[in-house]
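S.K.: I am attaching a structure below and will ask some questions about it afterwards.
Throughout, read-outs are computed from the coordinates displayed, never taken from laboratory work. This structure is a prediction, so every number in the text was calculated from the model and none was measured. So basically every Cβ, Gly included, is an ideal-geometry build from the backbone, and we count neighbours across all protein chains shown.
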Amino acid sequence: MKFIHSTVLLSIVLAGPALAQQKVDEHSSHHVTAATSADMADGEVRKVDKDASKVTLKHGEIKSLEMPAMTMVFVVKDKAMLDSIQPGDKVRFKATNDAGKFTVTEMQVVR
């Protein structure tokens, strides 16, 4: 009987860390998904400068950059992004701050 109690107790002790890690992993993956969607910001195209690979956007708050709403010029990561937009278009976009150079890495027109 003492052996059975010891075996059950050992099983519980060994399973505890595995269950705790599973809960951490589930929480972490959920957090990553939430952070990714928070990276998207709403904006309106004001100007497109294909030669300079830049776009001027009037945008709402960009939470991932802790930036309030304003109008500003962004460099685009891929010049081809500028082929499908024009002034007045509503867009959703992701931007990064690369050593003070604000860069649009993804953009989609909202129809």
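S.K.: Would you mind ranking Glu66, Glu61, Glu106 so that the residue whose beta carbon has the fewest other beta carbons within 10 Å leads the list? Don't jump to the answer; show the numbers that get you there.
M.R.: On the way: Glu66 8, Glu61 13, Glu106 16.
Starting with the residue having the fewest Cβ neighbours, the order is Glu66, Glu61, Glu106.
S.K.: Multiplying the sequence separation of Phe102 and Ala80 by 0.36 nm and subtracting their Cα-Cα distance, what value in nm do you get? Could you put the intermediate results ahead of the total?
M.R.: Working: separation 22, 0.36 × 22 = 7.92 nm, distance 1.74 nm.
So the chain would gain 6.2 nm between Phe102 and Ala80.
S.K.: At 7 Å along the Cα-to-beta-carbon direction for both Lys58 and Thr71, put a label point, then send me their distance in nm to one decimal.
M.R.: Each label point is offset 7 Å from its Cα along the Cβ direction, giving 0.6 nm.
S.K.: For Arg92 and Asp49, what does the FRET efficiency come to when R0 = 25 Å and r is the distance between their Cβ atoms, rounded to the nearest 0.05? Working shown, then result.
M.R.: On the way: r = 20 Å, r/R0 = 0.82.
Result of the calculation: an efficiency of 0.75.
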